[in-house]
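Notes follow once the structure below has been shown.
Values quoted throughout were computed directly from the atomic coordinates according to the rules given, and no laboratory measurement underlies them. All values derive from a computational prediction rather than experimental measurement. A quick note on method: Cβ atoms are made from the backbone with ideal geometry, for glycine too, and the neighbour counts reach across all protein chains shown.
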Amino acid sequence: MPDLHPTFDGMVRRLERRSPLGEDDRRALKHVQHSLRRVPAGGHIIRDGDRPEYCSLLLSGFAYRYKITGEGARQIISIHMAGEFLDLQNGFLQLADHSVQTLTEAEIALIPSQVIEELALTRPAIGRTLWIDTLIDASIFREWVVNVGRRDSRARVAHILCEFSLRLEAAGLAKGHTYELPMTQEQLADAVGLTSVHVNRVLKQLGEQGLISRDKRRLVIEDWARLRDVGDFNERYLHHDATAMAA
């Protein structure tokens with residue numbers, strides 16, 4: 001087995017925020033069977049229609065899930081960052097129904113699907129925390145559906161900027177509502193269902209109104225309260241208090 005990647009500790013801490021784990025459970029997760037793979041920016045981890053044999057844990061970098069319409073349009077349906085599982089459903093579903101691609105150069109741990117299934121079924125505490133993790137993914141998916149389906153263009157962009165800020169801070173990748181935007185404007189457009197030209201126009205408007213400032217990919221939310229209002233943003237769907245509720 002390869003040497004333990006230090007980010008496995010981060011993954012365990014993240015899962016423990018979902019639901020408490022015993023020492024044996026933490027040890028089982030930290031030493032789970034895996035292989036390591038480096039993926040260049042834009043590389044595919046899984047493609048729609050594949051029959052995956054592994055569940056992927058993102059150790060570094062950023063990745064996203066997406067679907068392609070019959071006419072070839074791309075809809076990005078989620079963004080993922082270090083410490084997050086990309087496709088836990090592969091532990092029980094044998095056919096991929098969407099694609100996963102890297103936003104940046106990334107390192108992933110490939111954990112055999114049967115290992116994930118065995119952990120979930122034989123260790124109840126691990127099964128519970130993995131279940132909660134997938135439920136929170138589903139909660140975020142629901143919010144993204146509302147964002148694309150019912151909010152105007154300005155609110156869509158403001159909402160996703162607010163989400164990135166809190167999720168990146170929770171992952172230890174940002175502080176004080178300042179972060180490196182992990183997406184190009186084209187990718188951001190595919191996440192909010194707009195054109196890149198429209199997204200650029202909205203970002204300029206938010207900057208002119210004093211809500212954000214930008215320097216290339218670096219983004220600062222200058223007025224958190226106002227940006228939250230513009231984006232109709234309520235962080236409840238992120239369930240960052242999941243451990244407190246599970247206790």
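See the values below:
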{"read-out": "Segment 7-144, relative contact order [Cα under 8 Å, separation at least 6], %", "value": "34 percent"}
{"read-out": "Fewest-first sequence of HIS198, HIS159 by Cβ atoms within 10 Å of each Cβ", "value": "HIS198, HIS159"}
{"read-out": "For the chain: relative contact order, % (alpha-carbon pairs under 8 angstrom, 6 or more apart)", "value": "21 percent"}
{"read-out": "Where only C-alpha atoms are counted, convex hull volume of segment 7-144 per residue in Å³", "value": "99 Å³"}
{"read-out": "Inter-centroid distance (Cα atoms) of segment 131-149 relative to segment 49-128, Å", "value": "15 Å"}
{"read-out": "Sorted by Cβ neighbour density within 10 Å, fewest at the top, the residues ARG142, ARG128", "value": "ARG142, ARG128"}
{"read-out": "Summed side-chain charge close to LEU166 - residues other than LEU166 whose Cβ falls under 13 Å, Lys, Arg +1, Asp, Glu -1", "value": "-1"}
{"read-out": "Prolate/oblate/rounded label for segment 154-197 (Cα gyration tensor, a/c 1.5)", "value": "prolate"}
{"read-out": "Order of ARG47, ARG14 - criterion: other Cβ atoms within 10 Å of each residue's Cβ, fewest first", "value": "ARG47, ARG14"}
{"read-out": "Lysines whose Cα lies under 29 Å from that of LYS30, excluding same-chain neighbours fewer than 8 positions away", "value": "LYS175"}
{"read-out": "Most mobile listed residue (GLN205, GLN101, GLN89) in the chain, GNM with C-alpha springs under 10 Å", "value": "GLN205"}
{"read-out": "Binned Cα-Cα distances of the chain, short to long, each 10 Å bin given as a whole percent", "value": "7, 30, 36, 20, 6, 0"}
{"read-out": "Residue with peak Gaussian network fluctuation, the chain [Cα springs, cutoff 10 Å], from LEU93, LEU29, LEU161", "value": "LEU93"}
{"read-out": "GNM top mover of GLY83, GLY70, GLY207 - the chain, alpha-carbon springs below 10 Å", "value": "GLY70"}
{"read-out": "For segment 30-44, Karplus couplings with θ = phi - 60° (6.51, -1.76, 1.60), whole Hz, Gly/Pro x", "value": "5, 10, 5, 4, 6, 10, 9, 9, 9, 10, x, 4, x, x, 8"}
